[in-house]
Amino acid sequence: MAANRERKSKPARTKDDSLEKALVAAFRESALPGENIGFDENACEEAARFTLRSARERRGSEANLSLESVSGEQDHRHLRLAVVNDDMPFLVDSVCATIAGFGLTVERLIHPVVAVRRDAEGQLIEFVEQATRGEKRESVIYIELERTDARIRRELVKALRANLKDVAAAVADWLKLQIVLGENADGLPEGEGATLLRWFLDRNLTLLGHERVDTSGGRTQELGIARMRPQPILSDESRRRAFEWFENGGKAPLIIKSNQLSTVHRHVLMDLIIVPVREKNRITALSIISGMWTSAALAASPENIPVLRTQLTRLFDKFEFSVSGHAGKSLTHALTSLPHDLLITFAQDDLEKLALISMSLIDRPRPKLHSVISPLARHLFAFVWLPREQLSTERRQNVEHMLTEATGAKILSWSNTLEEGGVSSLRYTLDMGTDGRIPDPDLLDQELENMVRGWKPEVERNLREAGQENRAAVLAQRYANCFPGTYQSTYGALEAAKDIMRLFKLERGGQRSTRLYRLASDADNLLRLKIYHLGGALPLSDAVPTLENFGFTVLESVPTPLDDGRLGFIHDFLLELRSEERCDSLIARSDEIEAAITNVLDGEAENDAFNQLITTAGIDARSTVWMRAWFRYLRQTGLSYGLITVVEAWPRRRM
């Protein structure tokens, strides 16, 4: 009996070994050079065995997918994903885009395409090295990605399965989508609009879906991803506006951005190409094709893109630019660098202003903002240019806050590119909804100017109001731009002016000084202390024990070096009062308390718990000297109580 079982299992193991060996060879052959780093023979065999479990049986054309956590050394723990599917376009980029959408990093990617032979039940028989008998080709994707929790893993698997179905639907209906787009082009009057649709047909648009929507929202002729969606791609309000657009004489095709990100190929907002369907001179439905511009189309020269080339010609004619002249080349460059998928949707006046701004930035880099509303007023497109050194995460967030506050809209997407001349270009798409406010772009531009350029003049103004009339300009010139963006947004120009005066005073004599203050947002029991220090950063081991002996609990410390510390350091401490003393009463005695803390930091006064009586009992620093002497005298006479006990027994100030 045992011998019979051994004879039966031996062919199965031989088959498994053969499949594993073939898949290992496919992994090695298809892996890019960088993917083999840290991927030795054992790791490759283990990856092949894991992937083989997903490839072993496939029924129909649906993808097999496995995701599991891999234990190991701390630095080598990761997730691994296997996807086995019919070979088709957009698989790898769609899978990777889905993973990136969850904020996860792909650490290794291997993607062989193999010919397979399966039996009638979908069981894998063998990988065929040379497909000569019409064997089916399957895509095998193996990915290692960073670890995440179980909930995110479940959501990721669900999203991957749904997005792979979208890919299959878009690919399966690709020819039908082309036919619909061609029919829409033929149904339009000859002109740039119809030519643009035919240009899209020439592999300049990745076609994803189509649906026909009537006035009541009923859907027919769903193709591609549209047949995978239970709802129309246009909201009720957008559908109403689109019908009004054509009924009021708007030109076809109407091209707008969708609120939905593509799940196929690239995770970007989809482009919608809308053509009216007419029956007896009445618009009865909208033919809506969804897709996205190809990378080649986005990089194409404006002279080769229908609609955009006409807009470019009008600009050349209006301003009488020479194609070979500096202005003509600048104009062409500006339109080339701006997003083509947006430009063709803009009115001529909006395009002109945007192009002229972009042209001027080539020669004069500076902060600039311009916004354009979409044809149906569904979206606001904001273009923000900043000198490269002025862009930071905090500055970007401040710009986003400014846009959302001005419009009441939410940001759907944003991108950042570095253009020639050291200018960073931020582009935002905002969803205006039904309640969004269309802002004045000139006012937004002025607000951006104040945000970026207004810091130094504002610091100078505050210095002048603080009594530094003769020195305000010189001090602002020297110090203002040394404050980092985080400081500027947190503290403001008034605080900067106060800090500058303290640092300037130190330069005329001294190494440290302190200042008690509060921010309007601070809780009642919180106080702040700034320590100004020349000659390097102040060690926390010097500052924290001192502040604790003054009766404070140190919650956080934020150091701010000016000019890499050459102009000094500002150490901002957030303090919590351990007593019932009110912050306002301490601020009223700030000169006295600041001097006492500074003397301790400079080593001119003792650092012990008697100092907390300055803040809790309201005595002055001179009195603590007498109290120390009295305490030491009592200790010599045999007093058994320690210093802390004596200090804590001292009567506190009553409020």
- Item | Tilt relative to the chain, helix 174-186 - C-alpha long axis, 0 to 90 degrees, to 10 | 90
- Task: Please give the contour-minus-distance gain from ARG364 to VAL106: 0.36 nm per residue of separation, less the Cα-Cα distance, rounded to one decimal in nm.
- Result: 88.9 nm
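Ignoring ligands, DNA and RNA, what percent of the accessible area of the chain is carbon or sulfur (1.4 Å)?
Numbers: 15950 of 32570 Å².
It is 49 percent, rounded to a whole number.
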- Message: Please list, in order along segment 219-229, the HN-Hα scalar couplings obtained from phi with the Karplus expression 6.51 cos²θ - 1.76 cosθ + 1.60 (θ = phi - 60°), rounded to whole Hz, x for Gly and Pro.
- Response: 10, 9, 6, 6, 9, x, 5, 4, 7, 9, 10
- Message: Quick check on the chain: helices-only [θ] at 222 nm, where DSSP H runs of length 4 and up contribute -39,500 (n - 2.57) each and the sum goes over total residues. Nearest 500, please.
- Response: -13500 deg cm²/dmol
- Query: On a 0 to 90 degree scale, rounded to 10, what angle separates helix 455-465 from the longest Cα axis of the chain?
  - Reply: 20
- Can you give the accessible area per residue of segment 88-224, in Å², using a 1.4 Å probe? 48
- Is segment 411-482 rounded, prolate or oblate when judged by the Cα gyration tensor, a ≥ b ≥ c being the square roots of its eigenvalues, rounded requiring a/c under 1.5 and prolate requiring a/b larger than b/c? oblate
- If you place +1 on the Cβ of every Lys and Arg, -1 on the Cβ of every Asp and Glu, and leave all else neutral, what size is the dipole of segment 487-626 about its Cα centre, to the nearest 20 Debye? 360
- Note on the structure: Amide H neighbours of GLU126 at under 5 Å, excluding residues fewer than 5 places away on the same chain, with H built from the backbone geometry, are ARG117
- Task: In debye, nearest 20, what is the charge dipole magnitude of segment 267-384 about its Cα centre with +1 on Lys and Arg Cβ and -1 on Asp and Glu Cβ, if you could check?
- Result: 200
- Note on the structure: Using a 1.4 Å probe on heavy atoms of the protein chains only, the accessible area for LEU519 in Å², nearest 10, reads 30
- Can you tell me the 0 to 90 degree angle between the C-alpha axis of helix 192-201 and the longest principal axis of the chain, rounded to 10? 80
- Note on the structure: For LYS498, counting only lysines whose alpha-carbon sits under 22 Å away and dropping same-chain residues fewer than eight positions off, the answer is LYS456, LYS530
- Based on the mean of other beta carbon atoms within 10 Å per residue, what is the order of 148-158, 486-496, most packed first? 486-496, 148-158
- Task: Give me the aspartates and glutamates in straight-line cross-link reach of LYS136: C-alpha distance below 15 Å, same-chain residues under 8 apart excluded.
- Result: GLU57, GLU62, ASP86, ASP87, ASP119, GLU121, GLU126
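When a/c reaches 1.5 or more, the comparison of a/b and b/c decides; with that in mind, is segment 248-328 rounded, prolate or oblate per its Cα gyration tensor?
oblate
Which of the peptides 558-569, 220-231 is most tightly packed, and how do the rest follow, judged by the mean count of other Cβ atoms within 10 Å per residue?
Ranked from most to least packed, the peptides come out as 220-231, 558-569.
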- Task: Using a/c under 1.5 as the rounded threshold, could you call the chain rounded, prolate or oblate? The axes a ≥ b ≥ c are square roots of the C-alpha gyration tensor eigenvalues, and prolate needs a/b larger than b/c, oblate otherwise.
- Result: oblate
- Kirkwood hydrodynamic radius (C-alpha pairs) into Stokes-Einstein, segment 523-635, 10 °C and 1.306 mPa s, D in µm²/s: 107
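Measuring with a 1.4 Å probe in the full set of protein chains, what accessible area per residue, in whole Å², belongs to segment 531-655?
Here the per-residue accessible area is 53 Å².
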- Message: Give me a comma-separated list of calculated 3J(HN,Hα) values for segment 23-32, in order, Karplus coefficients 6.51, -1.76, 1.60 applied at θ = phi - 60°, integers in Hz, x for any Gly or Pro.
- Response: 6, 4, 4, 5, 4, 4, 5, 8, 5, 5
- Item | Estimated dipole of segment 109-251 in Debye, rounded to 20 [Cβ of Lys and Arg +1, of Asp and Glu -1, Cα centre] | 420
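The values are calculated or read from the model by the stated rules, or taken from the named source; none is laboratory data. Since the model is a prediction, treat every value here as computed from it, not as a measurement. A quick note on method: Cβ atoms are made from the backbone with ideal geometry, for glycine too, and the neighbour counts reach across all protein chains shown. Areas reflect the complete protein model, heavy atoms only, side chains present, ligands, DNA and RNA absent. Shrake-Rupley method; radii C 1.70, N 1.55, O 1.52, S 1.80 Å.
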